[in-house]
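Note sheet for the following structure.
The values are calculated or read from the model by the stated rules, or taken from the named source; none is laboratory data. Everything numeric in this text was worked out from a predicted model, so none of it was measured. Note: ideal-geometry Cβ built from the backbone for every residue, glycine included; neighbour counts use all protein chains shown. Surface accessibility is based on the protein's heavy atoms, side chains included, excluding ligands, DNA and RNA. Shrake-Rupley method; radii C 1.70, N 1.55, O 1.52, S 1.80 Å.
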Amino acid sequence: MTKLPLKQLVLYLALSFVPIQSLASIQPLFQFAAGLLNKGQFPESDRYTTDDDIVILTNDGVELTANIFVPTHLTGSAPAVVFINSWGLNEYQYMQQAAALAEKGYIVLSYATRGFGESTGQIGTAGPQDIADYSQVIDFLMNNYPVNPNAIGTAGISYGSGISLMGAAHDERVKAVAAMSSWGSMVEALYGNQTPRLAWAEILTLTADLRGNPDPIIAENWDIIKNQKLDQIPAVLEWAEERSPINYVEQLNQNNTAVYFAKAYGDNLFQANSLLEMYSRLTTPKHMDLLAGTHATAELLPSLLGIGENRTWNNVYQWFDIHLKGESNELSQSSPLQMKVKFKDRYEGFDDFPIKEASEQTYYLHPRSAFDNGDLEEYPYRPPFWLSKDNTINAWTGTLFSTQIPVLSQLLEQLEIPVVTNIYAASDFRGIYFNTGKLQQTMKIRGNPTVNLMVQPHHDKAQLVGYLYDMDSLGNARLITHGVSTLPQATSGKKIEMSFELVTTAYDVPEGHRVVLAIDTMDPQYKRPTRANYFIDFEFSSQKQSTLSIPTL
């Protein structure tokens, strides 16, 4: 009996779990899986040729492995696109998309960043070396292929998208960028609201160890953030600022780089808020699609498994056609900001963000009592005789308020399966909630809700997680969005104000339902600041109001 090589056996076993309807239907998945093993499986066509033996030598001696698709019948120079790998992947990630662009007349080069695939060097985490490599790859492309110097674009998912954005800011030759599942602020991604992003950071550091050659600083920085080593955190945040595309908006504007973004609401690795802030600062041609799902799934599930619409990649192709070929198409005629309404089969278009058509609906938090839960009212809390009141919760463990299973629960939202709970069944010892009355009409939430809370922690550390829910008459509720804030260094017994944004969303709360703000002290997405069994009071008085603000149409 013939024995299969181990890598080939692993590949066959992986594919055996996929329903096979035809060879053609799984070809993209087969190509992607082969790429994970550093084995390029190139789509074949008489409309292009390929070369898988490219090695680009950088100025510091690192070898970047690459491949290229070149249209067969070129009569002159051609537009070009450079693809940059995601974290843990390599130059074979975009085979399907490279072939599609090559058939449209583009020269397409894909390379593996330093430290990934078979490229040498250590992972630079989108640092200065990666940005220098980006320009040297473009040099190589222009020096060896008939590239139109006025029609160069770059693209990537996740890691590759950030390098595309910052690289284009430093290289005016790049006319257009497609940044999918990108980030605006690396600081926010690592430590937004002083909260370590536990689930995703552990996934990324493990992936770097298994799939790359990580610089030791990656693990060192995550250890500092995760364990709240406060004296060392400023140095880590300085490291992260250099790797934040939002800090290079001025250069992108000066270069007039056309930027396409695609972002999922449930991307808890790089939450949408800072990317939308970056989007709002750009004065260049720009477009953003906001979709359901989690990190990179809006790009991967349709293209690899045929699940859902392939909107993102279709728009990437159109974006390059507009800005590298000068064509007009459906995307060029649409509003620049497109928001998919969660659990609805429709997109809504807007001209900018924050959305000018939206107005802030402000609710005031009124305390719960022995016979009533907390309320969200449109008027401030005014206790009799100017007395103050407080409600207390305990941080011993979590509640039914939750984002639930990291990655998976947000992925299921892409499949129209919401995160659900029952508000009435949740512990009122470890959590608290406030609800509106029954809505008299549909509430169309579009943007970033904000929470402002007056609290008194009875410990030197504390964390609050806020959840916005859509609740029916039986207490059954769908999660709309959430947010978090942490106090890694607090004064026990001191009353303070905690304010934070919830993650960007587009959601319609039906008439007759109630909006609920639920709060507890932990969530599986985030690292707790302490395992102590502490209490935290919510303070209510005429002088200091706690509020929830929701942008609505």
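Being assigned to a strand (DSSP E or B) and either modelled with pLDDT under 95 or within 22 Å of residue 287 (Cβ to Cβ) (or both) is true for just one of 167, 184, 162, 153. Which residue is that?
Just a single option satisfies the conditions, and that option is 153.
For the stretch 170-198, which residues satisfy the criterion of being farther than 19 Å from residue 500 by Cα and open to solvent by 20 Å² or more (accessible area, probe 1.4 Å)?
170, 172, 173, 175
Kindly list, by first and then second residue, each pair from a residue in the stretch 27-41 that is part of a helix (DSSP H, G or I) to a residue that is among the acidic types (Asp, Glu) and surrounded by 19 or more Cβ atoms within 10 Å (Cβ to Cβ), limited to pairs with Cβ atoms under 9 Å and residues at least 6 apart or on different chains.
Once the first residue is part of a helix (DSSP H, G or I) and sits in the stretch 27-41, its partners that are among the acidic types (Asp, Glu) and surrounded by 19 or more Cβ atoms within 10 Å (Cβ to Cβ) give 35/91.
Name every residue in the stretch 398-416 that is closer than 20 Å to residue 431 by Cα and either out of contact with any strand residue (DSSP E or B) (no Cβ under 9 Å at 6 or more places or on another chain) or not in a loop (DSSP other than H, G, I, E, B) (or both), in order of residue number.
The answer is 405, and nothing else.
Check every one of the strands (runs of 3 or more DSSP E) wholly within the stretch 426-515 and list those with 1 or more residues that are open to solvent by 30 Å² or more (accessible area, probe 1.4 Å).
Filter on the stretch 426-515 gives 432-435, 443-447, 450-457, 476-487, 496-501.
Would you confirm whether or not the stretch 340-354 contains a residue that is part of a loop (DSSP other than H, G, I, E, B), within 30 Å of residue 257 (Cβ to Cβ), of a type in the set (Phe, Trp, Tyr) and under 30 Å from the mean Cα position of the chain (by Cα)?
Scanning the stretch 340-354 turns up at least one residue that is part of a loop (DSSP other than H, G, I, E, B), within 30 Å of residue 257 (Cβ to Cβ), of a type in the set (Phe, Trp, Tyr) and under 30 Å from the mean Cα position of the chain (by Cα).
Would you check which residues across the stretch 319-334 are open to solvent by 40 Å² or more (accessible area, probe 1.4 Å) and either in a helix (DSSP H, G or I) or not charged (D, E, K, R) (or both) and list them?
Those that are open to solvent by 40 Å² or more (accessible area, probe 1.4 Å) and either in a helix (DSSP H, G or I) or not charged (D, E, K, R) (or both): 323, 325, 326, 328, 332, 333, 334.
Look at the stretch 227-236 and say how many of its residues are touching a helix residue (DSSP H, G or I) at 6+ places or on another chain (Cβ under 7 Å) and buried (at least 17 other Cβ atoms within 10 Å of the Cβ).
Within the stretch 227-236, residues that are touching a helix residue (DSSP H, G or I) at 6+ places or on another chain (Cβ under 7 Å) and buried (at least 17 other Cβ atoms within 10 Å of the Cβ) number 2.
Mind counting the residues in the stretch 368-397 that are in a strand (DSSP E or B) and open to solvent by less than 20 Å² (accessible area, probe 1.4 Å)?
Number satisfying all stated conditions: 5.
Of 140, 83, which residue is touching a residue at least 60 places away in the same chain (Cβ under 8 Å) and touching a Phe, Trp or Tyr at 6+ places or on another chain (Cβ under 8 Å)?
Only one candidate passes the filter, namely 83.
Any residue in the stretch 100-109 that is in contact with a Gly (Cβ under 8 Å, 6 or more places away or on another chain) and crowded, with 23+ Cβ neighbours inside 10 Å?
Looking for residues that are in contact with a Gly (Cβ under 8 Å, 6 or more places away or on another chain) and crowded, with 23+ Cβ neighbours inside 10 Å, one finds none in the stretch 100-109, hence no.
Out of curiosity, is residue 214 farther than 25 Å from residue 408 by Cβ and either open to solvent by less than 50 Å² (accessible area, probe 1.4 Å) or touching a residue at least 12 places away in the same chain (Cβ under 8 Å) (or both)?
Criteria met by residue 214.
List every residue pair whose Cβ atoms lie under 8 Å apart, where the two residues are 6 or more positions apart in sequence or sit on different chains, the first residue falls within the stretch 345-367 and is open to solvent by 80 Å² or more (accessible area, probe 1.4 Å), and the second residue, located anywhere, is assigned to a loop (DSSP other than H, G, I, E, B) and hydroxyl-bearing (Ser, Thr, Tyr).
Filtered contacts from the stretch 345-367: 351/335.
Restricting the stretch 296-313 to residues that are in contact (Cβ under 8 Å) with a residue 40 or more places away in the chain and part of a loop (DSSP other than H, G, I, E, B), which is least open to solvent (accessible area, probe 1.4 Å)?
Filtering the stretch 296-313 for residues that are in contact (Cβ under 8 Å) with a residue 40 or more places away in the chain and part of a loop (DSSP other than H, G, I, E, B), the one least open to solvent (accessible area, probe 1.4 Å) comes out as 296.
Restricting the stretch 280-295 to residues that are open to solvent by 10 Å² or more (accessible area, probe 1.4 Å) and of a type in the set (Gly, Ala, Ser), which is farthest from the chain's Cα centre (by Cα)?
Among residues in the stretch 280-295 that are open to solvent by 10 Å² or more (accessible area, probe 1.4 Å) and of a type in the set (Gly, Ala, Ser), the one farthest from the chain's Cα centre (by Cα) is 280.
Here is a yes/no grid of residues against (1) of a type outside the set (Phe, Trp, Tyr); (2) over 30 Å from residue 37 (Cβ atoms); (3) within 19 Å of the chain's Cα centre (by Cα):
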{"residue": "183", "(1), (2), (3)": "no, no, yes"}
{"residue": "215", "(1), (2), (3)": "yes, no, no"}
{"residue": "230", "(1), (2), (3)": "yes, yes, no"}
{"residue": "257", "(1), (2), (3)": "yes, yes, no"}
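Are any residues in the stretch 132-154 under 27 Å from residue 209 (Cβ atoms) and open to solvent by less than 20 Å² (accessible area, probe 1.4 Å), and if so, which ones?
Within the stretch 132-154, 133, 134, 137 qualify.
Given the criterion in a strand (DSSP E or B) and crowded, with 21+ Cβ neighbours inside 10 Å, identify the matching residue among 89, 64.
64
Take residues that are over 27 Å from residue 446 (Cβ atoms) and tell me which of the helices (runs of 4 or more DSSP H) falling wholly in the stretch 233-283 contain 3 or more.
233-241, 249-255
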